[in-house]
Amino acid sequence: MTVAAGAGYALIALGPAFSLFAGVIARKPFLVLTLLSSTLFWLVSLIVLSGIWRGFLPLKSGAWWPYVILILTSVAFQEGVRLVFWRLYKKVEEMLDAFADRIAKPRLCLTDKMLISLAGGLGHGLAHAVFFCLSLLTPAFGQATFYVERCSRMPFFLVSAIISLGFLVIHTFSMIIAFNGYGERKKSDQIFVPVIHLIAAVMTLINLAPGGCLIGTPLLCVMAALTLQYSWRMVGQRLTEHEH
Amino acid sequence: MDPAAEPPAPAPTSAAAATILDTLGEEVLAVMSPVSICMALVVLLISLLAPPTSSPSAPPPVTAATLVYLESPSDSAGQKLVGALLDAAVFVVLVALVTFALVALYYYRCTGCLKNYMRFSAFFVLFSMGGGIAVAALRRLDAPLDAPTALLLLFNASAVGVLSVFASAVPILVRQGYMVALAVIVAAWLSRLPEWTTWIMLVALALYDLVAVLAPRGPLRMLVELASSRDDELPALIYESRPTLGPAEMQPADSGRSAANLYARVGQQDDLGPAMVEMRDLGGRRSREMARPSGGSTFQIEGEMPTTATTHTSTQVVTPHQHAVIQIEQREEEETAPLVSAASANSSAPAQEQRQISSSEPPDDEFEMFESSRGIKLGLGDFVFYSVLVGRAAMYDLMTVYACYLAIIAGLGCTLILLSICRHALPALPISIMLGVVFYFLTRLLMEPFVVGASTNLVMF
């Protein structure tokens, strides 16, 4: 894979993340720290998951049902970690509000809280993209590229970059939806996030079938667009409510 | 909701009042960015200059870290472990001896000796070791550069580096850049040690750091106390961050601007008459000399501020480290004559200074504001060993690099939180190194088969 192609794949997977980072997150140092800590959270959850699953690896390549169990457990665990992250965020919010009162500055407003949840979600998405896509990309510089048998139409790296992009969008914006749902106790938001995550993860199982990635990957992008639209609507609603 | 009946609400999206989110965490980020840049550069250098794995690599250099046992691939695991332990023990003993020698020299005030040796060692690192890396990089990239030009450029760069690190009136960015360059060069050189030796040496150094800074007779603690009792600079290479003051300002631009402000302020001070001279020192204390405009040229020394009782973040993480491997004493000795050390003045707005000068009285509360904008200081040895850990992780795989990077940053964050609670010098190595080592082995053994297995089958979550 040439350097140009590699840079292209990396930008497909991480381009929106970079622009979000440069445009929104890098302006406030606290958001950068939130991003780093949420990336760490995701990494720890991944390590715990792999610790649990280590005994069962390597999975038999022919069978697909071990992957189903893998996906189910992983998604359930990660949603649990999201709840833990939410509790931690509530504590930090209390401390920040107390600090703001002490130095006689205004408390966190709605946009601040949404920015923090955006940074948290971006941290999750970034961790996903880095560990699932980028870490396989960078050692592969040099001659030749890699194709998976079941997906012989597109280079492996391109497919994995597109999937990472989809998941980046899903993780980032579902964190905003989830925090809003937990904060406002709206059941619809709280249910939406794990369901979307599960559907998206199950869709990657379609990639196990020969030629499946041609169906699975566009469907994943549809899910990402759905998440984006839902989040847009929800944020618009909240902001207009807040103004009045 | 009837829009006609209600008065139009002000737009809340653009924050009329700056909330705390704008400036919170600046100092922490100002320390984490150079650490991240240093680690990134070391990983880049190592992947650029990595010897091709097929050919047998050149034998690792004989250093103080491999005096007892030189690892070779054919030894058994037990042999390697024992050999590495011996190597690490010898290395830590050497470092401790050298640190004690440094404390003795500092105690007996051999400042000239210390200063000159530090300058020489910084020049040596930049010229000789940096030159070696530059030559290897040029060879790898097939870049054409003739020897006299290269020598000239290298000499100039090293001379500027020595000046910027030890002299005072240098822009802060240049100084920080050269500090990071020093750390990168030393770390890239240290990563050439064999694998087992590196890991055990890192753990041993983390433990040594813990003891040396916190134990009552630890050499580094004695050094810090000596320096603070003399109101003097710590004789070591320390990276200083300068936090920004304005809300929602980007860090690099502002440190450049603050450097410009620094020079403007010096000029203004000369014009206004009363010469305000600041000497910065350790432990947050400051002695300030201010000449009153009336009554000739008497200098009055203002009272010293309480050391660590302030609520402002004038705290430091100080871990000067010597590397017996390359026989470098990384120390720094401030000129004892009072200067307007522009590098040590902080980045407050000029308006505050003018107010202070015109009022011609010691405004202690404004002095507190000066204190509050002090940055966090991190010893250069910490940069080096973080980068060595990440560099060694880079030699295995990039997934371990990302995991170790996150672990080190988390450890640094924890150390900084502890610093804001404890308010005295803390060792920066132990938490980060332990977390980094744990995450490296967990990632390598547990996470990688899982993630690679899942993602090569295009099953992701």
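Residue by residue, segment B:192-206 carries 3J(HN,Hα) couplings of 7, 5, x, 5, 4, 4, 4, 5, 5, 5, 4, 5, 4, 5, 4 Hz when phi is fed to the Karplus relation 6.51 cos²θ - 1.76 cosθ + 1.60 (θ = phi - 60°); x denotes Gly or Pro. Multiplying the residue separation of B:Leu226 and B:Ser47 by 0.36 nm and removing their Cα-Cα distance gives an extension gain of 60.2 nm. Under a 5 Å amide H cut-off, with hydrogens placed 1.01 Å from N, B:Leu426 pairs with B:Val318 among residues at least 5 apart or on other chains. Between amide H atoms placed 1.01 Å from N, distances below 5 Å from B:Gly379 occur with B:Tyr239, B:Thr319, all of them 5 or more places distant or on a separate chain.
Inside 10 Å of the C-beta atoms of A:101-107, what's the mean count of C-beta atoms belonging to other chains? The mean count of partner-chain Cβ atoms within 10 Å per residue comes to 2.
Rank by packing, highest mean first: peptides B:391-402, B:229-240, with packing defined as the count of other Cβ atoms within 10 Å averaged across residues.
Ranking, from highest mean packing down: B:391-402, B:229-240.
Could you tell me what % of all Cα pairs in segment B:396-460 have separations over 20 Å?
40 percent
Here the peptides A:71-81, B:38-48 are ranked by packing, the mean other Cβ count within 10 Å, and the order with the highest first is B:38-48, A:71-81.
Per-residue shielding of A:128-134, expressed as the average number of other chain Cβ atoms within 10 Å of the residue Cβ, stands at 5. For segment B:122-128, putting each phi into the Karplus relation 6.51 cos²θ - 1.76 cosθ + 1.60 with θ = phi - 60° gives couplings of 5, 5, 4, 4, 5, 7, 7 Hz, in residue order, rounded to whole numbers and with x for Gly and Pro. Quick one: if the Förster radius is 51 Å, what FRET efficiency do B:Gln79 and A:Lys187 give, using the C-beta to C-beta distance and rounding to 0.05? According to the calculation, E is roughly 0.25. Extending 7 Å from the Cα toward the beta-carbon at both B:Asn116 and A:Lys90 defines two label points whose distance is 6.7 nm. Long hydrophobic helices in chain A, taken as whole DSSP H segments with a C-alpha length of 30 Å or more on their own axis and mean Kyte-Doolittle hydropathy at least -1.0: A:29-53, A:65-102, A:156-184, A:213-243. Computed packing ranks the peptides A:208-214, B:79-85 as B:79-85, A:208-214, most packed first, by mean other Cβ atoms within 10 Å.
For the pair A:Val24 and B:Ala104, label points projected 7 Å from Cα toward Cβ lie 6.0 nm apart. The mean sequence separation of alpha-carbon pairs under 8 Å and at least six residues apart, normalised by the residue count of segment A:70-181, gives a relative contact order of 32 percent. If the segment from A:Gln237 to A:Ile199 were pulled out straight at 0.36 nm per residue, it would be longer than the present Cα-Cα gap by 11.1 nm.
Size estimate for segment A:133-209 follows the Kirkwood approach: the inverse of mean 1/r over distinct Cα pairs works out to 14.5 Å. Dipole orientation for segment B:75-182: of the candidates B:Val125, B:Ser164, B:Val180, B:Ser164 has the Cα lying most toward the positive pole (charges on Cβ; Lys, Arg +1; Asp, Glu -1). Per residue of peptide A:110-118, the mean number of Cβ atoms on other chains within 10 Å of the residue Cβ is 2.
Which trypsin sites (Lys or Arg not before Pro) in segment A:35-143 pass both tests, a DSSP loop state and at most 10 other beta-carbon atoms within 10 Å?
Answer by residue number: A:Lys60.
Between the alpha-carbon centers of segment A:40-119 and segment B:373-431, tell me the distance in whole angstrom. With segment A:40-119 and segment B:373-431 each reduced to a Cα centre, they are spaced 23 Å. Close amide H pairs (under 5 Å, H built 1.01 Å from N) link A:Val148 with A:Phe156, residues at least 5 positions away or on another chain. Computed on the Cα trace of chain A, the radius of gyration divided by the Kirkwood hydrodynamic radius gives Rg/Rh = 1.00. Modelled this way, with points 7 Å down the Cα-to-C-beta line, the labels at A:Cys221 and A:Asp97 are 4.3 nm from one another.
Within segment B:126-249, the proportion of Cα pairs with more than 21 Å between them is 61 percent.
Here, each number is a calculation from the coordinates, and none is a lab measurement. Being a predicted model, the structure only gives us computed values, none of them experimental. Because the Cβ atoms are built from the backbone with ideal geometry, glycine has one as well, and the counts that use them run over all protein chains shown.
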